[in-house]
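> First the structure, which I've put down as C-alpha cells, then a few questions once you've had a look.
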Amino acid sequence: MALLEVEDLAVTFQRKGTAPVHAVDGVSFTVAEGQVVGLVGESGCGKSVTSLALMGLLAKRGVKVGGKALFDGNDLLTMPGSTLRDMRGSEMAMIFQDPLSSLNPVIPIGLQVTEVLKRHRGMKGEPAEKEAADLLDRVGIPDPRRRLKEYPHQLSGGMRQRALIAMAVACRPRLLIADEPTTALDVTIQAQILELLKELVAQQGTALIMITHDLGVVAGLCDEINVMYAGRVVEGAARRPLFASPTHPYSVGLLGSIPRLDAPRGEKLKPIPGSVRDNIAWADGCAFAPRCAHRTDECLDGPPALVQTYTGHAYRCVNPVTGDEVEAVTAAATLPAPSIVDATTDSDGEA
Amino acid sequence: MLRYIVRRLLQLVPTLFGLSILLFAWLHSLPGGPEAAMLDVRATDAKRAEVRAALGLDEPLIVQYGRFMKRLVRFDLGDSFTTGTPVMEEFGRRFPATVELTVVAMIIAICAGIPLGYLAARRHGRIFDGLTVTGSLLGICIPIFFLGFILKAIFAVKLGWFPSLGRQDVDVNATRVTEFYVLDGILTQEWDASLNALWHLILPAIALASIPFAIIVRMTRASVLEVLGEDYVRTAEAKGLRENTVRGRHVLRNAMLPVVTSIGLLTGGLLSGAVLTETVFVFGGIGSFLATAISNRDYPVLMGFIMIIAVIYVLINLAVDLSYSVLDPRVRVR
Ligand SMILES: Nc1ncnc2c1ncn2[C@@H]1O[C@H](COP(=O)(O)OP(=O)(O)OP(=O)(O)O)[C@@H](O)[C@H]1O
Ligand SMILES: [Mg+2]
C-alpha cells in the first residue's frame with residue numbers, strides 16, 4: 001500500500017456573496033514510501049492549496065474540502081484535529097516558499113527548532129539544544145551553536161531555508177511536502193537546497209512531494225511527476241516516460257517552454273499560448289481546450305476522463321499527443337502571439 | 001544601549017527649553033491674573049497692582065522668565081501663589097495619588113483590552129467581534145467627564161457599592177510611608193487600609209481607563225488579525241505545535257509589538273485625562289490641583305507641573321522604546 005493516496009481531492013473556497021472558487025477539483029495521485037513525487041503546474045493551478053489541504057492547514061471557515069487523502073490508510077481529511085496536530089511535524093512536515101516570512105522574526109532560531117523536538121519527541125534543555133545544533137549541522141549550517149541564538153533576520157536566505165528544512169526533518173517525518181522551496185532563492189543557492197533535500201530524503205527514507213512550476217527541478221529530483229492544470233492532475237507518469245513521451249498537450253507545452261542547452265542557438269522558446277484566464281470550467285469540457293493547439297470539438301463534450309495506460313502513464317485528454325507528434329505540437333503552439341509570459345518564468349512575484 | 005539612553009536624555013534639554021518658552025508665553029497671555037483669584041472683584045486697581053508687585057509680576061516678562069530659569073537649574077520651581085508652598089513639595093505630595101490612579105487605570109485597560117481584542121480577532125466577522133468594535137468606539141467617544149459622573153451617580157450614589165470621593169475613608173487608621181496609599185497598606189500590613197484605598201480607586205480608574213481600553217482593544221484586534229495571516233503562524237501550525245504555543249509564542253508575542261508602543265503613548269495621555277477624573281471624584285492628585293491652578297492663574301504651579309509631566313512623558317516613552325528593542329530583536333537601539 002502506498003504511503004499517501006490522494007483520491008478526488010477537491011477544495012472549494014466559498015465566500016458569502018461571491019461565486020465559489022474550485023481551486024482544486026478532483027486531484028488524485030499516490031506517493032509510495034520514500035518516493036519523490038513532483039507536482040507541477042503553472043501559477044494558480046492549485047498546487048499550494050492541495051498541499052495545505054493535505055496538512056489540514058486551510059482555514060476552517062469558508063472552505064469545503066472533499067475527497068480522500070489516505071495516509072497509511074487513515075484519511076487525513078476526516079481525522080480529528082488533535083490527531084492531525086500530533087502527526088504534523090512528526091509524521092508529515094512541510095516547508096514553504098518564502099523562508100524569511102515563514103520564520104518567526106522575534107524568536108531565536110534555536111527555540112524554533114527545539115519547540116518541535118519538545119512537542120513531538122519530549123526533548124528539553126541541553127539534549128534538545130544539542131539535537132538542534134546537530135540538525136542545523138546536518139542541513140549544512142556552519143557554526144550551529146552560535147546560529148541557534150540568532151534571529152531569522154541575521155541569517156542569509158539560503159541559511160533560513162536550511163533552518164526551516166531542519167525544523168521540518170527534526171522528527172524524521174515519513175512525508176515531507178516542499179512547496180516551491182527554492183523560488184525565493186538565487187540560482188546557486190537553489191541548486192544547493194535541492195541537493196540537500198535530495199540527500200536528506202534519501203538518507204532518512206522520507207517520501208517527498210516536490211511542488212514547483214519548474215520542470216528543471218522535477219527532472220533532477222522526482223521519481224513520479226504529476227502535471228496539474230486548473231485544479232486537476234492532467235498527466236501523471238514516472239520521470240522518464242513523462243519527459244520522453246509527454247501525452248497531454250499541456251505537458252508537451254510545458255516541456256517546450258523550458259530553455260534547453262542543446263537547442264540550436266537563436267531558437268526561440270515556445271511558450272504556451274494564452275493564459276489561465278482563458279480556461280473553461282471542467283464541467284464544460286477540458287479546461288485547457290481554449291489554449292490547446294490539439295483540440296477538437298470532442299474536447300468540449302464534458303470533462304475528459306482519466307486514461308490509464310498499461311505502462312502506468314495516466315492522462316486526462318481525448319486527443320493525446322503521440323510520440324512523433326510532440327515536435328509538431330510544440331511548433332503549432334507558437335502560432336498565435338502569446339499574450340502572457342509563459343508558464344515556467346511566470347510570477348514568483350507574490351513572494 | 002547606555003549611549004542611547006544618554007543621548008535620549010540629552011535630547012530632553014532642548015525640548016524642555018522650548019516647552020518652557022511656549023508655556024511661559026501662553027500662560028502670561030491668558031486674560032486675568034492670579035490677583036483676580038486672590039482679591040475681591042471690587043478691589044481697587046491700586047490694590048491689584050500691589051499684589052502683582054508682591055508676586056513679581058510687574059517686572060518685564062523677560063526678567064520674570066530669566067528668574068524662572070535661574071531657579072530651574074537649581075531644580076527649584078518656586079512657590080505656589082495660592083498655597084505659598086514650594087511647587088516641588090506640592091507635586092511630591094500629590095503625584096503619588098495620580099500615579100496610583102493611572103497605574104490602576106492602565107492595568108484595567110490592558111487586562112481587559114488585550115484579551116477582548118484578541119477574542120474579537122479570533123471571532124473575526126461574527127457578532128462578538130461586531131459588538132467589541134462598536135463598544136470600543138463608544139469608549140473613545142464618551143467624554144471622561146461624563147462617564148465619571150454616570151459611574152459616580154449609579155455605582156456610588158444610587159447603589160452605594162463604591163465611595164464617591166476621596167482616596168481613603170477618614171476613619172481608616174493608616175500609617176503613611178510613601179503617600180501611595182495602596183502600597184502603604186501593604187508595607188505596613190494594614191490590609192484594610194490598602195483595600196479601602198483600592199476601593200476608592202476603582203470608579204475613577206474605570207472612567208480614566210475608558211479611552212486607553214478602547215484603543216488597546218482596537219489595536220490588539222487589528223494586530224492579531226494581521227499576525228494570524230502571517231506565514232510564520234502557518235509554519236508553527238505545520239510543526240504541529242499545541243494551540244496554546246501557537247497562540248502565545250507565535251501570535252500574541254508578535255501582535256503585542258505595536259500595542260506596547262501605544263501603551264506608552266496612552267500612559268502619557270492618561271496624566272492629562274486624570275485632570276478630569278480627579279475633579280469628578282475629588283481625588284487629591286495633581287489633576288485636580290492643576291485644574292484649580294488654572295482658574296487661579298497659579299503660574300509657578302502650572303509651569304512646574306506641566307514641565308515635570310513632560311519629563312515623565314519622555315521617560316515613559318524612553319522606557320517603551322527600550323522594552324520594544326527587547327521584544328523585537330530586529331530593532332536594535334544604537
Ligand atoms: N483563501 C482563498 N480564497 C479564495 N481563493 C483562493 C484562496 N487560496 C487560493 N485560492 C485560489 O485557488 C487557486 C489555486 O491557488 P494556489 O495557491 O494553490 O496556486 P499555486 O498552484 O500554488 O500557484 P503558485 O505557483 O502561484 O503558488 C488560485 O486560483 C487562487 O486564486
Ligand atoms: Mg503556491
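The values are calculated or read from the model by the stated rules, or taken from the named source; none is laboratory data. Quick caveat, the model's predicted, so the values are computed rather than measured. Positions of Cβ are backbone-derived with ideal geometry, glycine not excepted, and every protein chain shown enters the neighbour counts. The protein model used for the area step is the full one, side chains on, heavy atoms only, and it has no ligands, DNA or RNA in it. Shrake-Rupley method; radii C 1.70, N 1.55, O 1.52, S 1.80 Å.
> Relative to the present Cα-Cα distance, how much length would full extension add between B:VAL157 and B:ALA112 at 0.36 nm per residue of separation?
The B:VAL157-B:ALA112 span can extend by a further 13.7 nm.
> While we're on this one: So, for the stretch B:124-219, what is the accessible surface per residue at a probe of 1.4 Å, expressed in square angstrom?
I get 56 Å² per residue for the stretch B:124-219.
> Okay, next question. I'd like the distance between the alpha-carbon centres of the stretch B:283-329 and the stretch A:305-320, rounded to an integer number of Å.
78 Å
> I need the trypsin sites (Lys or Arg not before Pro) found in the stretch B:176-222, filtered to DSSP loop residues with at most 14 other beta carbons within 10 Å of theirs.
B:ARG176
> To continue, here is another question. In square angstrom and rounded to 100, what buried accessible area do you get between chains B and A, total over both, with the probe at 1.4 Å?
2300 Å²
> Something else: Would you pull out the residues with amide H under 5 Å of A:MET228's amide H, same chain only if 5 or more places away, H placed 1.01 Å from N?
Hits under the 5 Å cutoff: A:VAL40, A:GLY41, A:VAL234.
> Let me ask another. Restricting the count to DSSP beta bridges whose residues both fall in the protein assembly as shown, what percent are antiparallel, rounded to a multiple of 5?
60 percent
> For helix A:187-204, report the angle its Cα long axis makes with the longest principal axis of the Cα atoms of chain A; keep it between 0 and 90° and round to the nearest 10°.
Roughly 70 degrees, rounded to the nearest 10.
> A follow-up question, please. Of the options B:VAL41, B:ALA293, B:THR102, report the single residue whose Cα projects farthest towards the positive end of the charge dipole of chain B (beta-carbon charges: Lys, Arg +1; Asp, Glu -1).
Sorting the options by dipole projection puts first B:THR102.
> Once you keep just the Cα pairs under 8 angstrom separated by 6 or more residues, what percentage relative contact order results for chain B?
26 percent
> Accessible area per residue, 1.4 Å probe, Å², for the stretch A:98-172: what's the number?
38 Å²
> Still on this model: With the Cα gyration tensor of chain A in hand, convert its eigenvalues to equivalent ellipsoid semi-axes via √(5λ) and list them largest first in whole Å.
36, 23, 18
> Measure of size requested: the Rg and Dmax of the stretch A:93-215, with Cα atoms as the atom set and Å as the unit; please supply both.
13.4, 43
> Using a Förster radius of 56 Å, what is the FRET efficiency between A:TYR310 and B:HIS124 based on their Cβ-Cβ separation? Nearest 0.05, please.
Once the sixth-power term is evaluated, E becomes 0.60.
> Here's another thing I want to ask about it. How do B:ILE312, A:ILE209 stack up against each other in accessible area, from largest to smallest, with a 1.4 angstrom probe?
From most accessible down to least: B:ILE312, A:ILE209.
> May I pose another question? Once whole DSSP H runs in chain B are found, which of them have Cα atoms spread over 30 Å or more along the helix axis and a mean Kyte-Doolittle score of at least -1.0?
Those that pass (Cα extent of 30 Å or more, hydropathy at least -1.0) are B:2-29, B:87-122, B:191-228, B:253-280, B:299-327.
> Given Cα pairs under 8 Å that are at least 6 residues apart, what percent is the relative contact order of the stretch A:98-172?
The normalised contact order for the stretch A:98-172 reaches 46 percent.
> With the other protein chains left in place, how much accessible area per residue, in square angstrom, belongs to the stretch B:259-334 at a 1.4 angstrom probe?
I get 36 Å² per residue for this part.
> Only protein chains counted, 1.4 angstrom probe. Which residues of the stretch B:211-240 are at least 40 Å² less accessible in the assembly than when their chain is isolated?
Those are B:ASP231, B:TYR232, B:ARG234, B:THR235, B:GLU237, B:ALA238, B:LYS239, B:GLY240, which lose 40 Å² or more relative to the chain on its own.
> So for chain A: antiparallel DSSP bridges make up what percent, rounded to the nearest 5?
60 percent
> Let me ask something else about it. Plugging the Kirkwood radius over Cα pairs into Stokes-Einstein for the protein assembly as shown, at a temperature of 25 °C and a viscosity of 0.890 mPa s, what D comes out in µm²/s?
The diffusion coefficient I find is 80 µm²/s.
> Rounding to the nearest 10 and keeping the result within 0 to 90°, find how far the Cα-based axis of helix A:157-169 lies from the longest principal axis of chain A.
80 degrees
> How far apart, in nanometres, would the label points at A:ASP301 and B:HIS28 be if each is projected 7 angstrom from Cα along the Cα-to-Cβ direction?
About 10.0 nm, to one decimal.
> Moving on. With a 1.4 Å probe and every protein chain kept in, tell me what percent of the accessible surface of the stretch A:156-196 is carbon plus sulfur.
That share works out to 53 percent.
> Something else: Per-residue Cβ counts within 10 Å, from other chains only, averaged over A:111-123: what number is that?
Per residue, the average neighbour count from other chains is 2.
> Can you compute 3J(HN,Hα) from phi for each residue in the stretch A:236-253, using the Karplus curve 6.51 cos²θ - 1.76 cosθ + 1.60 with θ = phi - 60°, rounded to whole Hz and x for Gly and Pro?
After applying 6.51 cos²θ - 1.76 cosθ + 1.60, I find x, 6, 5, 4, 4, x, 5, 6, 6, 9, x, 10, 7, x, 5, 4, 4, x Hz.
> A further question on this structure: Using alpha carbon centroids, what distance separates the stretch A:164-202 and the stretch B:115-156, in Å?
Taking the Cα centre of each part, the stretch A:164-202 and the stretch B:115-156 sit 48 Å apart.
> In Å³ and rounded to a whole number, note down the convex hull volume per residue for the Cα atoms of the stretch B:87-327.
Cα convex hull per residue, to the nearest whole number: 153 Å³.
> Further question: From the residues B:PRO60, B:PHE81, B:GLY92, which one has its Cα farthest along the dipole of the stretch B:40-99 in the positive direction, the dipole being from +1 and -1 charges on Cβ of Lys/Arg and Asp/Glu about the Cα centre?
B:GLY92
> Something else: What is the P(r) of the stretch A:39-143, as percent of Cα-Cα pairs per 5 Å bin from 0?
Final binned percentages: 2, 10, 16, 19, 18, 15, 12, 6, 2, 0.
> Now, a different point. How many percent of the accessible area of the stretch B:87-327 is carbon or sulfur, using a 1.4 Å probe?
70 percent
> Where does the charge balance sit around A:PHE13 when Lys and Arg score +1, Asp and Glu -1, over other residues with C-beta under 12 Å from its C-beta?
+3
> Right, next: Of B:ASP192, B:ASP129, B:ASP171, which has the largest mean-square fluctuation in a 10 Å C-alpha GNM of chain B?
B:ASP171
> I've got another one for you. Report B:ARG330's accessible area, 1.4 Å probe, all protein chains in place, as a number in Å² to the nearest 10.
It works out to around 120 Å².
> Right, here's the next one. Can you give me the C-alpha center-to-center distance between the stretch B:197-238 and the stretch A:211-233, rounded to a whole angstrom?
Answer, in whole Å: 45.
> Normalised by the residues of the stretch B:175-280, what does the relative contact order come to in percent, with Cα pairs under 8 Å and at least six apart?
Relative contact order, the stretch B:175-280: 25 percent.
> Still on this model: Applying the Karplus parametrisation 6.51 cos²θ - 1.76 cosθ + 1.60 with θ = phi - 60° to the phi angles of the stretch A:40-57, what ³J(HN,Hα) value in whole Hz is obtained for each residue in order, glycine and proline being reported as x?
Ordered by residue, 3J(HN,Hα) equals 10, x, 7, 4, x, 7, x, 5, 5, 4, 4, 5, 5, 5, 5, 7, x, 9 Hz.
> Amide H of B:ASP79 versus every other amide H placed in the peptide plane: which residues, excluding those fewer than 5 positions away on the same chain, fall under 5 Å?
Amide H to amide H, under 5 Å and 5 or more residues apart or across chains, B:ASP79 pairs with B:VAL87.
> Once the cut-off is 22 Å, how many percent of the Cα-Cα pairs in the stretch B:219-334 end up in the long-distance tail?
Percentage above 22 Å: 53.
> Counting each DSSP H run of 4 or more residues in the protein assembly as shown as -39500 (n - 2.57), what helix-only mean residue ellipticity at 222 nm follows after dividing by all residues, to the nearest 500 deg cm²/dmol?
Helix contribution divided over all residues of the protein assembly as shown: -16000 deg cm²/dmol.
> Calculate how large, on average over all directions, the projected area of the Cα convex hull of the stretch A:174-223 is; give the answer in nm² to one decimal.
Computing the convex hull of the Cα atoms and averaging its projections yields 3.2 nm².
> Then there is this: What residue among A:PHE13, A:PHE96, A:PHE29 has the largest mean-square fluctuation in a Gaussian network model of chain A, using Cα springs under 10 Å?
Judging by the Gaussian network model, the answer is A:PHE13.
> Residue by residue through the stretch A:65-70, what is 3J(HN,Hα) from phi via Karplus (6.51 cos²θ - 1.76 cosθ + 1.60, θ = phi - 60°)? Round to whole Hz and write x for glycine and proline.
10, x, x, 9, 9, 8
> Among A:33-45, A:158-170, A:113-125, what's the highest-first ranking by average C-beta atoms within 10 angstrom per residue?
Answer by packing, highest mean first, reads A:158-170, A:33-45, A:113-125.
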